[in-house]
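Trainee: Quick one: the structure is below, and I'll ask about it shortly.
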Amino acid sequence: MRTVLIILFLLIAASVGYGFYIKPEDLKTGEFCIGIGISGLFFVWMPIFIYHRWRKRNFKDYMLTKENLDKMRQESKDKKM
């Protein structure tokens, strides 16, 4: 998964870099390459990256449930004393 993320990021960066390189000569193609790169970054790479970082975590630890709120209140009281 990590290798796929790195390869995708390098391809996206290359697309954006190529778009900026070619933009002075061919404006339409340059803007197209930049747009494809930025779209790929946000709609392809970012969801895969978020899934990769959060797949082994328990979401209940990060949700504000009654148990977690009580635990936070208890920790707050313990710090004050």
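All of the numbers you see were taken from the coordinates with simple rules; none came from a lab. Everything numeric in this text was worked out from a predicted model, so none of it was measured. All Cβ positions, even for glycine, are placed from backbone atoms using ideal geometry, and neighbour counts span all protein chains on display.
Trainee: Which helices, counted as full DSSP H runs in the chain, have an axial Cα extent of no less than 24 Å and a Kyte-Doolittle average of 0.5 or above? Provide the component values of the computation, followed by the final result.
Mentor: On the way: long enough: 2-22 (30 Å, 1.97).
Membrane-span-like by this rule: 2-22.
Trainee: How high is the relative contact order of the stretch 2-80, in percent, counting Cα pairs under 8 Å that sit 6 or more residues apart? Let's see the in-between values first.
Mentor: On the way: 43 pairs, mean separation 19.5, N = 79.
Relative contact order, the stretch 2-80: 25 percent.
Trainee: Apply the Debye scattering formula to the chain, with a single equal point scatterer on each alpha-carbon and no solvent, then give log10 I(q)/I(0) at q = 0.15, 0.21, 0.22 Å⁻¹.
Mentor: -0.67, -0.91, -0.95
Trainee: Oh, and also: Ignoring everything except DSSP H segments at least 4 long, calculate the 222 nm mean residue ellipticity for the chain; use -39,500 (n - 2.57) per segment, divide by total residues, nearest 500. Provide the component values of the computation, followed by the final result.
Mentor: Working: 4 runs with 59 residues, N = 81.
Estimated from H runs of four or more residues: -24000 deg cm²/dmol.
Trainee: I would also like to ask the following. Just to be sure I understand the model, the point goes 7 Å from the Cα along the line to the Cβ. What's the resulting Tyr51 to Leu27 distance in nm?
Mentor: Placing both labels 7 Å along Cα→Cβ, they lie 3.9 nm apart.
Trainee: Right, here's the next one. Placing unit charges on C-beta atoms (Lys and Arg positive, Asp and Glu negative, everything else neutral), compute the dipole magnitude of the chain about its Cα centre in debye, rounded to 20. Before the final figure, lay out the partial values.
Mentor: Values: 14 positive and 8 negative charges, 137 e Å.
I would put it at about 660 debye.
Trainee: Sticking with this one: Around Asp61, under 11 Å between beta carbons, what's the net of Lys plus Arg minus Asp minus Glu among the other residues? Working shown, then result.
Mentor: Working: positive: Arg57, Lys60, Lys71; negative: Glu67.
That works out to +2.
Trainee: Pairs of lysines 8 or more apart, or on different chains, with alpha carbons under 22 Å: count those in the chain, would you? Don't skip to the answer; put the middle values down first.
Mentor: Working: Lys60/Lys71; Lys66/Lys77; Lys66/Lys79; Lys66/Lys80; Lys71/Lys79; Lys71/Lys80.
Lysine pairs, 8 or more places apart or on different chains, close enough: 6.
Trainee: Next question, about the same structure. With the dipole of the chain worked out from charges on the C-beta (+1 for Lys and Arg, -1 for Asp and Glu) around the Cα centre, which of Val4, Phe20, Phe59 lies farthest toward the positive end?
Mentor: Among Val4, Phe20, Phe59, the one farthest towards the positive end of the dipole of the chain is Phe59.
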